[in-house]
Every structure is written in structure tokens, then in C-alpha cells.
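The values are calculated or read from the model by the stated rules, or taken from the named source; none is laboratory data. Since the model is a prediction, treat every value here as computed from it, not as a measurement. As a convention, Cβ positions derive from the backbone with ideal geometry for all residues, glycine included, and neighbour counts pool all protein chains shown.
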Amino acid sequence: MKALPRSVLVATLAAGCAAMVCAQQLAQAPTPETVAANNPGASSSWPYMDETTASSSAVRLPVNAQPVPESWFLKRYGFGMDVGLLGIGGEAAVSLTDSLNLRTGARYFSFSTSQTANDIPFTATARLQSEHAMLDWHPFHNGFRVSPGLLFGNSTRAFGSTTITAGSSFTLNHVTYYSSSASPVSASGAVLFAHTAPMFTLGWGNLIRGIQDGHLTFPFELGFAYMGDPKTELNFEGVACTDEAQQDCTNIADDPSIQANIAAEHTKLQSSANWLRFYPILNGGIAFRF
């Protein structure tokens with residue numbers, strides 16, 4: 001018999017080796033029963049693998065994975081200026097959640113005037129000065145807000161004084177007196193408010209989001225600060241006379257009847273000031289968010 005060509009011999013040996021490798025892999029492959037036992041939900045159409053078997057060696061991902069929501073805590077900021085019944089000032093706000101902001105600020109204003117009433121000159125000053133901290137809750141995720149808060153560092157007050165010209169008349173509790181030429185009568189009064197007070201306002205404008213989530217917004221709010229009854233002061237000094245000729249005169253500090261009439265006037269002043277226990281808040285301004 002002739003010897004086989006070398007190329008035929010090499011091809012025969014290669015085919016034999018390939019057959020042996022395939023047989024070994026088939027012997028090590030899992031049977032349908034093994035696949036079913038290890039993967040109860042797998043398809044019975046072995047050797048094809050269903051999705052469960054195919055992904056067993058891959059990284060598994062949640063079927064209904066949702067994106068993690070963005071955190072708003074201390075992530076957005078806004079600044080503004082406003083003017084209102086508490087004065088002129090500035091504010092800063094920072095986000096806590098997507099519907100809740102922390103807002104703080106300070107306001108100040110002072111106004112003085114000199115007037116004459118019943119031929120009696122007097123000066124009066126209104127001084128507004130306070131700080132505040134508010135929680136702005138936007139329940140509908142728009143500009144509308146509900147804002148509880150605290151007014152603190154409050155030095156808001158009104159005060160005035162006068163010196164009654166000698167010989168001029170003035171009235172205390174419906175009793176007429178005359179200012180003595182020897183020691184003209186002087187008077188002073190004040191209305192003072194609580195240092196700290198709770199606040200509540202309703203308003204529109206989100207310092208964090210801006211108009212249509214832009215950078216500018218024009219917030220305003222309306223509400224009140226509960227101050228309690230304001231403290232009032234009323235004082236008179238000097239010599240007062242009961243007649244224009246100044247024959248019957250007495251030192252105000254030593255006359256019980258004049259002191260009683262001053263007390264009556266003080267009661268009237270206190271009654272007039274008590275309506276300010278709910279101090280009105282009305283503010284408007286402009287704000288810029290970052």
C-alpha cells in the first residue's frame with residue numbers, strides 16, 4: 001500500500017483532535033435536568049438558555065430601576081431686596097427640599113418729623129429695625145408660599161417730645177393747664193414693641209426657583225407678627241398752672257390731680273397702641289437666584 005501524502009495525514013490528525021475536544025465539552029455541559037434544578041424559571045428548550053440563565057454570569061440590573069432624585073438640601077441659593085411696613089432690607093434664602101426654603105433677612109428704616117399741633121411744636125420719630133427667619137413652604141410647587149417664622153432683634157419703636165411754650169395751654173384728661181413761664185412744661189412719649197415675636201405670612205414668589213425657573217423673581221407677602229401689647233410711656237415735667245394769669249401753679253411731679261390726669265392720658269395712649277399687637281406685614285421686592 002502506498003504511503004499517504006503528508007497533507008492528508010495532517011488533516012486527519014487535526015480532525016481527530018477537534019472531535020475529541022468537542023466530545024469533552026459535551027460531556028462537561030449541564031444536562032436539561034441540571035439546568036431545570038438550578039434555574040426553576042428557565043426554559044426547558046435546552047441547550048438554548050433563557051434570559052435568566054444567560055444573565056447568570058453577567059451584572060444584574062434592577063428591572064424597574066428609577067433615577068435617584070436630585071437632592072435640594074443646601075444646593076440652591078437666592079438673594080433679594082424688599083420694602084414694607086417693617087422697613088427696607090435684604091434677604092437670603094437656601095433650599096431645604098424641592099418645596100421648602102429657609103429665608104433670613106434684616107430690615108431698617110427711620111423717619112423723623114417736626115410738626116405743630118394746637119400751637120404746640122413737637123418732634124416725632126419712627127424707627128424700624130428687626131431681623132427675621134422664615135420657612136417658605138410651596139405646597140403646589142409654584143410661586144405660592146405659606147411662611148411661618150420668627151421676628152427677632154426687634155427694636156421697632158415710635159417716640160416723640162415737646163416743650164410747651166410758656167403761657168400756652170394744653171389739655172390732660174379734658175382739663176386745661178398752662179405752661180408756666182418759670183419752668184415751661186415738657187412732655188415725652190413712646191411706643192415700644194416686643195424684642196421677639198412669631199410671624200406668619202402668605203405670599204407669592206420663590207427666591208430659589210425664580211420666574212419660570214429663571215434667575216429673577218418679584219416676591220411679595222402679607223401677614224402679621226404677634227407682638228403682644230406694646231409698651232407705652234408718657235411723661236410730663238415742669239410747672240403747670242390752672243389759670244392763664246399763672247397765679248395758681250404747681251410742680252407737675254408734686255400734684256396728685258395732674259398725675260391722675262396724666263395716668264388717664266397714658267391709658268388712652270395704651271388703648272390706641274394695643275391694636276398693634278398684631279403688627280401688619282406687607283412686603284414687596286426683587287430677588288435673584290443662583
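The residues listed here are ALA245, ALA253, ALA273; of these, the one that is in a loop (DSSP other than H, G, I, E, B) and out of contact with any Asp or Glu (no Cβ under 6 Å at 6 or more places or on another chain) is ALA245. Restricting to region 262-289, name every residue that is aromatic (Phe, Trp, Tyr) and under 17 Å from the mean Cα position of the chain (by Cα). The one that is aromatic (Phe, Trp, Tyr) and under 17 Å from the mean Cα position of the chain (by Cα): PHE288.
Looking only at region 260-290, filter to residues that are aromatic (Phe, Trp, Tyr) and in contact (Cβ under 8 Å) with a residue 24 or more places away in the chain; which one of those is farthest from ALA194 (Cα to Cα)? Selected residue: PHE290.
Would you please name the residue that is surrounded by the fewest Cβ atoms within 10 Å (Cβ to Cβ), looking only at residues in region 139-163 that are more than 30 Å from TYR77 (Cβ to Cβ) and of a type in the set (Ser, Thr, Tyr)? Only one residue fits best here, namely SER161. For region 181-208, the set of residues classified as more than 14 Å from the chain's Cα centre (by Cα) and over 21 Å from SER130 (Cα atoms) consists of SER181, ALA182, SER183, PRO184, VAL185, SER186, ALA187, SER188, GLY189, listed by residue number. Quick check, is ILE258 touching a strand residue (DSSP E or B) at 6+ places or on another chain (Cβ under 8 Å), crowded, with 20+ Cβ neighbours inside 10 Å, modelled with pLDDT of 95 or more and in a strand (DSSP E or B)? No. Exactly one residue among ASP119, ASP136 is farther than 24 Å from ALA273 by Cα and either buried (at least 18 other Cβ atoms within 10 Å of the Cβ) or touching a helix residue (DSSP H, G or I) at 6+ places or on another chain (Cβ under 8 Å) (or both), and that residue is ASP136. If the condition is being surrounded by fewer than 16 Cβ atoms within 10 Å (Cβ to Cβ), within 30 Å of GLN246 (Cα to Cα) and not small (Gly, Ala, Ser), then region 164-213 contributes THR165, THR171, ASN173, HIS174, VAL175, THR176.
Within region 269-281, is even one residue touching a strand residue (DSSP E or B) at 6+ places or on another chain (Cβ under 8 Å), in the same structural domain as GLY149 (by TED's automatic domain parsing), more than 30 Å from GLU91 (Cα to Cα) and not polar (S, T, N, Q)? Looking through region 269-281, at least one residue is touching a strand residue (DSSP E or B) at 6+ places or on another chain (Cβ under 8 Å), in the same structural domain as GLY149 (by TED's automatic domain parsing), more than 30 Å from GLU91 (Cα to Cα) and not polar (S, T, N, Q). Quick check on region 215-240: of everything there that is under 12 Å from GLY143 (Cβ atoms) and surrounded by fewer than 21 Cβ atoms within 10 Å (Cβ to Cβ), which residue is nearest to the chain's Cα centre (by Cα)? The residue in question is PHE220.
Tell me whether region 119-129 contains one or more residues that are out of contact with any Gly (no Cβ under 8 Å at 6 or more places or on another chain) and modelled with pLDDT of 95 or more. Checked against the condition, which is being out of contact with any Gly (no Cβ under 8 Å at 6 or more places or on another chain) and modelled with pLDDT of 95 or more, region 119-129 yields at least one hit.
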